[in-house]
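Working notes, structure below.
A short reminder: the numbers here are calculations on the coordinates, not readings from a lab. Note that this is a predicted model, so its numbers are computed, not measured. For neighbour counting, all protein chains shown are included, and Cβ atoms are generated from backbone atoms with ideal geometry for every residue, glycine included.
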Amino acid sequence: MKFFIDTANLDQIREAQALGILDGVTTNPSLMAKEGITGKENIINHYRAICEIVDGDVSAEVIATDFEGMIQEGEALASLNPQIVVKIPMIKDGIKACKYFSEKGIKTNVTLIFSSGQALLAAKAGATYMSPFVGRLDDISTDGLGLISEIRLIYDNYGFKTQILAASVRHTMHIMDCAKIGADVITGPLSAIEGLLKHPLTDIGLAQFLSDYKKGN
Ligand code: E4P
């Protein structure tokens, strides 16, 4: 199971990388804006900076929504670094673009997936990754994890190689549920990943060990 961090914040990316368990980064235009990264040149430089920090795949989202525009933007992004994965919206031209990139050997991440039908199309178009948004479905009282299970079943039925990248993961339990279902990747905030570290019995046990050590030394 791969762990991606879902942020454009360089400090958090460094912190996750330093943990030694980070496999990649996902970003989107909203995450870039949150960090105050605006303008084409600054965004490109930010992707370069992220690629310098991490070893794994870095999703970079196209802004164009037409086929030609996505191809132009996606090829420019992919040429920045072999780590770049071109992130494409789940729309008609996005599927065409995904097929084009897959034939050219350029990695893709089809984003904004909210149904298993969309997931099936992304796999048929040869996507490297596809991103169902677990948290945003939960937000509207729809079963986000149920969607991950459905997609796992469909992909296993046909042996699709497209990786299920569970996105919009908001907390530690989402990560553990995705692990049980068999999502290939999760992407979420550092807080959700670090939540996996925590157990009160670990803290109590460690405090006891240290205090017992002090008694004898
Ligand atoms: C996916 O790649 C998106 O960047 C992201 O996971 C969306 O998460 P959110 O619903 O918390 O904004």
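Let me see the pair-distance distribution of the range 15-135: every alpha carbon pair, 10 Å bin width, integer percents in order.
Using 10 Å bins, I get a P(r) of 14, 45, 34, 7 for the range 15-135.
Relative to the longest principal axis of the C-alpha atoms of the chain, give the angle of the C-alpha long axis of helix 200-216, reported between 0 and 90° and rounded to the nearest 10°.
40 degrees
With an 8 Å Cα cut-off and a minimum separation of 6 or more residues, compute the relative contact order for the range 165-217 in percent.
Result for the range 165-217 is 35 percent.
Between S79 and E103, what is 0.36 nm times their sequence separation minus the Cα-Cα distance? Round to one decimal in nm.
The span from S79 to E103 would gain 7.1 nm if fully extended.
Where in the range 121-142 does the amide nitrogen come within less than 16 Å of the point 7 Å from the Cα of M173, taken along Cα to Cβ?
Flagged as within label range: 134-142.
Obtain the radius of gyration and the Kirkwood radius of the range 1-40 from its C-alpha atoms and give Rg over Rh.
Here the Rg-to-Rh quotient is 1.02.
In nanometres, what is the gap between the two model label sites at S191 and Y158, each 7 Å from Cα along Cα-to-Cβ?
With each label placed 7 Å out from Cα toward Cβ, I get 3.8 nm.
I want to verify a result. In a Gaussian network model of the chain, Cα cutoff 10 Å, which of these has the top mean-square fluctuation: I43, I113, I140?
For the chain, modelled as a Gaussian network with Cα springs under 10 Å, the answer is I140.
Residues with amide H under 5 Å of I84's amide H, sequence separation 5 or more or different chain, H placed in the peptide plane at 1.01 Å from N; which?
Correct list: V58.
Per residue and in Å³, how big is the convex hull formed by the alpha-carbon atoms of the range 152-214?
With only Cα atoms used, the range 152-214 gives 107 Å³ per residue.
Cα-Cα pairs above 21 Å in the range 1-76: how many percent?
Details: 786 of 2850 pairs.
Counting pairs separated by more than 21 Å, the tail of P(r) holds 28 percent.
What is the spread of the Cα atoms of the chain along each of their three principal axes, largest first, in whole Å?
Per principal axis, max minus min of the Cα coordinates gives 72, 41, 30 Å.
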